[in-house]
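Taking it in order: structure first as structure tokens, then the write-up.
Please treat every number below as a calculation from the coordinates, not as lab data. What you are looking at is a predicted structure, and each value in this text was computed from that prediction instead of being measured. Note that each Cβ is placed from the backbone with ideal geometry, even for glycine, and that neighbours are counted across all protein chains shown.
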Ligand code: AP5
């Protein structure tokens, strides 16, 4: 097939467009005996990583890109704290000390969220599971309620020394929840959200003392999940020290590749 057969004259193209059509022509002229690429959905995805590794940042981007919901247990707890619910009062006490809310409460909270129909094509778990018991509960849930859907596990690896810097410079918009970093990802106007102009806030657990406690809890309770998951088919480790967009590209390309292999 030539360009004329595509219904347009070469001279009418902008340079970039002409190149695109050339590429399209090349694709069309390739042998047709190959099956067309299959579209592989994200399925259930878990972002695993230390506090400040960038789980929330990646979860937001991926959720928008894939059109699936982000389920952040930290955000759900903070919403409860803000609304003054009984759970919020109890959670606030624990979160201020950098501890973990009991497994039974967390499992039930996630089970309730997963009942919503927007999770049918996939969902991104940010901050759950973070104990072996939560992971075992999730395995049971996926096998009984999601016909054995295979979980994509993204381990966001980072030098723990770098985390405190990220966390103490984190600022969050109280209205739209966009996350900034005064050092690495600053807003356009200091202290103001780019999207709605609201005054940015600091999370109450983002001080050096509470962070150290969160890190200790991570090492004790959540790091063992690396051993629990690392032999799974969809275990993917990414370098979370790279710029956010590079981390996103890495996650998307490797997860897509792994899912395609798995579905062959
Ligand atoms: P949660 O809100 O989940 O906190 P966390 O796990 O400690 O993680 P963070 O939100 O601090 O960090 P993040 O990895 O999302 O990083 P972010 O993208 O914001 O949980 C809070 C508390 O709730 C827990 O301590 C616990 O008490 C309770 N809880 C929650 N889930 C629970 C569960 N399952 N069981 C029991 N208790 C539970 O990025 C951090 C900063 O770095 C930002 O400023 C960002 O802009 C910046 N940044 C991100 N990526 C990059 C990059 N690539 N380069 C440079 N800067 C970057």
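With 0.36 nm allotted per residue and the present C-alpha distance subtracted, the residue 118-residue 231 stretch has 37.8 nm of extension available. If the segment from residue 85 to residue 108 were pulled out straight at 0.36 nm per residue, it would be longer than the present Cα-Cα gap by 6.7 nm. Applying 1/(1 + (r/R0)^6) with r as the Cβ-Cβ distance of residue 249 and residue 209 and R0 = 30 angstrom yields a FRET efficiency of 0.25. Counted by neighbouring Cβ atoms within 10 Å, the residues 109, 190, 213 run from fewest to most as 190, 213, 109. Taking the centroid of alpha carbons for each part, the range 51-90 and the range 133-192 are 8 Å apart.
Between residue 264 and residue 176, the simple label model (points 7 Å from Cα in the Cβ direction) yields a spacing of 4.2 nm.
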